[in-house]
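The values are calculated or read from the model by the stated rules, or taken from the named source; none is laboratory data. Everything numeric in this text was worked out from a predicted model, so none of it was measured. Counting neighbours? That spans all protein chains shown, and the Cβs are built from the backbone with ideal geometry, glycine included.
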Amino acid sequence: MLITNGTVITLGAQNAIIPSGAVLIRSDKIAAVGDTRELAAQHPDEEILDAHGKLVMPGNICAHTHFYGAFARGMALPPGPPPKSFPEILEKLWWRIDRALTLEDSQYSALVCLVDAIRHGTTTLIDHHASPNAIEGSLDAIANAVQQSGLRACLCYEVTDRNGEEGARAGIRENVRFIKASERSDKSNVAATFGLHASFTVSDKTLERCLTELDGMNTGFHVHVAEDRADEDDAIQSYGMRVGDRLNARGILGEKTIAAHCVHVDVQEIDLFKRTHTKVSHQPRSNMNNAVGVANVLGMMRYGVTVGLGNDGFSNNMFSEMKTAYLLHKSHQHDPRVMGADQVLKMAFANNAKICANFWNAPLGVIAPGAYADIILLDYLPFTDMTAGNFPWHVVFGIDGSNVTHTICGGQLLMRDRELLTLDEEAITAKAHELSRDVWKRVRDL
């Protein structure tokens, strides 16, 4: 396929804007990038996708999400006073809805998220799953949804002790089984890592079992870290050390590990992330919604920690997450100079691509030869000059996921002119609506 007549935004280390640009796709990779006339002349027999002046840019990446939470949209909490803290939010909402999920629920909650991702140009997602009463095969159910969609995803199951020892063992088995299956699979768009919930719900005994089972596998962990102060308080009271110190001492931190949130970490923990090359993901909309605080993202990035951008289960319009990150830190620090749009895009593309390098063997987040052909086209006609230098500010103040008209992942066209090609949105929505009613009933009965 040859995409022609687009305004190509390459991003990458040397961002370039190519007017009347073209991108040649061969199999699942980008083969060439350049001027439309030149590439069209060199490849006269290629199938043409005429961009008609649209922006052509890399697909968005989400470094931390929860497909399983989709059915919580609009659901009433149990009777009584509303939750006043993050632990109460977990107990009254998330730890009820995950227990109510069946395998079919998990698959359809993933499918509605994947529809949303395609529509808003998010082509790669790193998911963290929980369904305590339907653990075995849950990652296969989600992987099947991902395969149907054509998107790219890394999956794991949340190991926790909150559902008893057998629940923890079942979570470990599901991670190990799926990691091994993924290593043998030829489905390059689905990857695997090892999921842990958080320090305050995982004992040393369970961490030791996870490490034993992970021995010899080429992967790390995906774990929530200090999302709320309660996580740090528990680690100090129970283990005499902070969360980052505990996870490092137990061998959890490392180059292939993702530490989600990290809102309440201190300078020593940040130093541990840097020294162990642990990756961090930032979820500003979720942190604001749960009132847990604001992570020291700029401090971590200045110190050399790779901080990416996720959504924690919010909508898969990652342009909305970028705008929120841009505004939140300015407001929090009472300083309009902090968190420039260029730093936001660094998180969303360059740093997210570094995180994804642990799971896929070709570059993401860039339009360049050899990179995966994960590309989106957007209707956006700037009424001011747009350059490689000021493009991040066009993203923050102008571009949105609603501008996306075409979504391509691994060279496969998933949406053309806003029409989904791989998923039947109407049928998925109808089935999800039916299933969600039963989930809500089970939640009320818990």
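Taking only region 308-342 into account, find how many residues are more than 14 Å from Ser281 (Cβ to Cβ) and either hydrophobic (A, V, I, L, M, F, W, C) or in a loop (DSSP other than H, G, I, E, B) (or both).
Of the residues in region 308-342, 14 are more than 14 Å from Ser281 (Cβ to Cβ) and either hydrophobic (A, V, I, L, M, F, W, C) or in a loop (DSSP other than H, G, I, E, B) (or both).
Tell me, please, whether a residue that is within 21 Å of Phe86 (Cβ to Cβ), assigned by TED's automatic domain parsing to the domain that holds Phe221 and part of a strand (DSSP E or B) can be found in region 269-280.
Checked against the condition, which is being within 21 Å of Phe86 (Cβ to Cβ), assigned by TED's automatic domain parsing to the domain that holds Phe221 and part of a strand (DSSP E or B), region 269-280 yields at least one hit.
For (1) over 29 Å from Thr278 (Cα atoms); (2) touching a strand residue (DSSP E or B) at 6+ places or on another chain (Cβ under 8 Å); (3) without any contact (Cβ under 8 Å) to a residue 40 or more places away in the chain; (4) surrounded by fewer than 17 Cβ atoms within 10 Å (Cβ to Cβ), each residue gets a yes or a no:
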position	(1), (2), (3), (4)
Met57	no, yes, no, no
Ile61	no, yes, no, no
His64	no, yes, no, no
Met75	yes, no, no, yes
Pro81	yes, no, yes, yes
Lys84	yes, no, yes, yes
Leu93	yes, no, yes, no
Tyr108	yes, no, no, no
Val115	yes, yes, no, no
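Working carefully through the options Ala22, Ala40, Ala32, find the one that is surrounded by fewer than 19 Cβ atoms within 10 Å (Cβ to Cβ), aliphatic (A, V, I, L, M) and within 30 Å of Phe383 (Cβ to Cβ).
None of the others qualify; the one that does is Ala40.
Find all pairs meeting these conditions: Cβ atoms under 7 angstrom apart; at least six residues apart or on different chains; first residue within region 13-33 and closer than 23 Å to Leu414 by Cα; second residue among the hydroxyl-bearing types (Ser, Thr, Tyr) and in a strand (DSSP E or B).
Close Cβ pairs (under 7 Å, with a partner that is among the hydroxyl-bearing types (Ser, Thr, Tyr) and in a strand (DSSP E or B)) amount to Gly21/Thr7; Ala22/Thr4; Asp28/Tyr372; Lys29/Tyr372.
Filter region 1-47 for residues that are within 24 Å of Lys346 (Cα to Cα) and hydroxyl-bearing (Ser, Thr, Tyr) and give the result.
Thr7, Thr10
All but one of (1) in the same structural domain as Ile399 (by TED's automatic domain parsing); (2) assigned to a strand (DSSP E or B) hold for His64; state the number of the condition that does not hold.
Every condition holds for His64 apart from (1).
Residue check, Thr212 against (1) β-branched (Val, Ile, Thr); (2) buried (at least 16 other Cβ atoms within 10 Å of the Cβ); (3) more than 23 Å from the chain's Cα centre (by Cα), all met but one. Which one?
Result: Thr212 fails condition (2) only.
Test Pro58 against the stated conditions and say whether it is at pLDDT 95 or above, on the phi < 0 side of the Ramachandran plot, under 21 Å from the mean Cα position of the chain (by Cα) and not hydroxyl-bearing (Ser, Thr, Tyr). Can you show your working first?
Values: at pLDDT 95 or above: yes; on the phi < 0 side of the Ramachandran plot: yes; under 21 Å from the mean Cα position of the chain (by Cα): yes; not hydroxyl-bearing (Ser, Thr, Tyr): yes.
Answer is yes for this residue.
So how many residues does region 166-181 have that are touching a residue at least 12 places away in the same chain (Cβ under 8 Å) and over 23 Å from the mean Cα position of the chain (by Cα)?
The number of residues fulfilling the criteria is 5.
Would it be correct to say that Phe178 is hydrophobic (A, V, I, L, M, F, W, C), more than 30 Å from Gly293 (Cβ to Cβ) and either surrounded by 15 or more Cβ atoms within 10 Å (Cβ to Cβ) or in contact with an Asp or Glu (Cβ under 8 Å, 6 or more places away or on another chain) (or both)?
yes
What is the residue count in region 118-146 for residues that are farther than 14 Å from Phe67 by Cβ, out of contact with any strand residue (DSSP E or B) (no Cβ under 6 Å at 6 or more places or on another chain) and either assigned to a helix (DSSP H, G or I) or among the polar types (S, T, N, Q) (or both)?
Here the count works out to 2.
Does Gly6 fit the bill of being within 21 Å of Val366 (Cβ to Cβ), modelled with pLDDT of 95 or more and not in a helix (DSSP H, G or I)?
It is true that Gly6 is within 21 Å of Val366 (Cβ to Cβ), modelled with pLDDT of 95 or more and not in a helix (DSSP H, G or I).
Could you list, in sequence order, the residues of region 200-251 that are over 25 Å from Glu183 (Cα atoms) and at pLDDT below 95?
Scanning region 200-251 gives no hits.
Restricting to region 202-230, name every residue that is within 28 Å of Arg184 (Cβ to Cβ) and of a type in the set (Gly, Ala, Ser).
Within region 202-230, Gly216, Gly220 meet the criteria.
Quick check on this structure: which one of Asn163, Asn133 is crowded, with 16+ Cβ neighbours inside 10 Å and either touching a Leu at 6+ places or on another chain (Cβ under 9 Å) or not basic (Lys, Arg) (or both)?
Criteria check complete, one pass: Asn163.
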